[in-house]
Amino acid sequence: MEYENKPRILVSSGEPAGIGPDLIIKLAQVNHQNNLTIIGDPDLLIERARCLSLPLKISTTLNTDDSQHSNKPKSLRVIPVKLNAVCVPGELDTRNAGYVLKLLDIASRECLSKNYDAIVTAPIQKSIINDAGINFSGHTEYFAKRCGGVLPVMLLACPGLRVALVTTHLALRDVPDAITPERVEKTIRIVIDEMQQRFGITHPRITICGLNPHAGEGGHLGNEELTIISPVIDEYTKEGHAIIGPLPADTAFRSDIRKNTDVYICMYHDQGLPVLKTLGFGEAVNITLGLPIIRTSVDHGTALELAGTGKAEYDSLLAAINMANELAHHQLNSTDLFSTPETVDEL
């Protein structure tokens, strides 16, 4: 069979008014050789394909262990989920917020049940979910709750650069309070474990950024480096781990440092991700570390203005699928891949 022994990858189609459906339909035109199953509304996909003037054949399945079903170009295997309201490309509707979350619920359930080997998520619009009265901070945190309250670590990767985050989707004023010794320590531990187990890097070289300008400048611009970050780094270096920092973030990404770093750890979302997305936009992949399942995602948003226009490119989605395939293949050929997940309650 064409897909025998290939990782079974679920793709959540994301915000229906965004470019997620467009990317999936465009990818269906290419013979990419991945074993994919889409979660979404078949009628939405058919209508969007018509809007894009692209051919599409859909095979719906409720059998979640259908890994040998042929997935030829211009066809999609779909686990059907019905929209709550008719969708217009580019026009958000709070009535479909529950639909979006149902896609994530199905994806996490099926991977936790070992029916599939990885999840790839198309972009969602966090604002419309919150506008619907649902407290939602992002894919990363939502999957962590669905997986039993584990501590998730967001990692973005592109050719030549990986950036992991101690905090993710927090208002900037809330970040310092979230930088605790326990959280820094567990973030480093998860990064080390997963670099070794999922990426095959036996002795990962880690560069850690400080929180404050000039990494606190000896306490004159903030003391988190002295009281929180450095003591944790010292404990890991005593164990023999190759960790440097905390470095000032404005110079930490120089080319000479990048060449000697396998992964950066940054304190907050916009500290390291602007660098990564500048260097690798369209090639970057969002990977959630610390989960008992594999989850990757695109590195961009819903691009509502492009939905239904045919102008959206699927490169980032394919990169996320290829990364999920690589990680899942490693998992299928490894034993004892995952360490015991840390729970948020322990922080």
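Within segment 14-35, can you find the residues that are under 17 Å from residue 107 (Cβ atoms), surrounded by 23 or more Cβ atoms within 10 Å (Cβ to Cβ) and of a type outside the set (Gly, Ala, Ser)? Result: 15, 16, 21, 23, 24, 35.
Please determine whether any residue of segment 260-268 is over 25 Å from residue 222 (Cβ atoms) and exposed (fewer than 14 other Cβ atoms within 10 Å of the Cβ). Within segment 260-268, one or more residues are over 25 Å from residue 222 (Cβ atoms) and exposed (fewer than 14 other Cβ atoms within 10 Å of the Cβ). Evaluated against (1) of a type outside the set (A, V, I, L, M, F, W, C); (2) farther than 30 Å from residue 329 by Cα; (3) without any contact (Cβ under 8 Å) to a residue 12 or more places away in the chain, residue 240 falls short on exactly one condition, (2). Within segment 1-53, the only residue that satisfies the criterion of being among the small types (Gly, Ala, Ser), in a helix (DSSP H, G or I) and within 18 Å of residue 119 (Cβ to Cβ) is 20.
Residues that are touching a helix residue (DSSP H, G or I) at 6+ places or on another chain (Cβ under 7 Å) and in a loop (DSSP other than H, G, I, E, B) within segment 156-172 comprise 159, 160, 166, 167, 168, 169, 170, listed in sequence order.
Selection of segment 147-160 for residues being closer than 16 Å to residue 296 by Cβ and surrounded by 15 or more Cβ atoms within 10 Å (Cβ to Cβ) yields 147, 152, 153, 154, 155, 156, 157, 158. Considering 243, 233, the condition of being in the same structural domain as residue 166 (by TED's automatic domain parsing), of a type in the set (A, V, I, L, M), surrounded by 15 or more Cβ atoms within 10 Å (Cβ to Cβ) and not in a helix (DSSP H, G or I) is satisfied by 243 alone. Restricted to segment 119-141, and to residues that are surrounded by 20 or more Cβ atoms within 10 Å (Cβ to Cβ) and of a type in the set (Ser, Thr, Tyr), which residue is nearest to residue 21 (Cα to Cα)? Among those residues, the one meeting the criterion is 121. You will find that of 182, 194, the residue that is assigned to a helix (DSSP H, G or I), touching a residue at least 60 places away in the same chain (Cβ under 8 Å) and surrounded by fewer than 18 Cβ atoms within 10 Å (Cβ to Cβ) is 182 and no other. Does residue 164 satisfy the condition of being under 17 Å from the mean Cα position of the chain (by Cα), more than 28 Å from residue 279 (Cα to Cα) and surrounded by 20 or more Cβ atoms within 10 Å (Cβ to Cβ)? Here the answer is no, as residue 164 does not meet what is asked.
The set of residues in segment 215-250 that are touching a strand residue (DSSP E or B) at 6+ places or on another chain (Cβ under 6 Å) and β-branched (Val, Ile, Thr) comprises 229, 233, 237, 243, 244. Applying a threshold of 8 Å to beta carbon distances and a minimum spacing of six or more residues, or different chains, the list of pairs starting in segment 318-332 at a residue that is over 10 Å from residue 120 (Cα atoms) and ending at one that is among the acidic types (Asp, Glu) and modelled with pLDDT of 90 or more reads 328/117; 331/117; 332/117. Residues in segment 204-223 that are in contact with a helix residue (DSSP H, G or I) (Cβ under 8 Å, 6 or more places away or on another chain) and under 24 Å from residue 323 (Cβ atoms): 204, 206, 207, 208, 209. Only residues that are free of Cβ contacts under 8 Å to residues at least 40 places away in the same chain and part of a helix (DSSP H, G or I) were counted in segment 197-213, giving 1. With respect to the conditions (1) under 28 Å from residue 250 (Cα atoms); (2) buried (at least 20 other Cβ atoms within 10 Å of the Cβ); (3) touching a helix residue (DSSP H, G or I) at 6+ places or on another chain (Cβ under 7 Å), residue 282 lacks only one, and its number is (2). Scanning segment 167-207 for residues that are aliphatic (A, V, I, L, M), over 18 Å from residue 137 (Cα atoms) and modelled with pLDDT under 95 gives 195, 201.
The values are calculated or read from the model by the stated rules, or taken from the named source; none is laboratory data. Model, not experiment: these values are computed from the prediction. Heads up, the Cβs are rebuilt from the backbone with ideal geometry, glycines too, and the neighbour counts pull from every protein chain shown.
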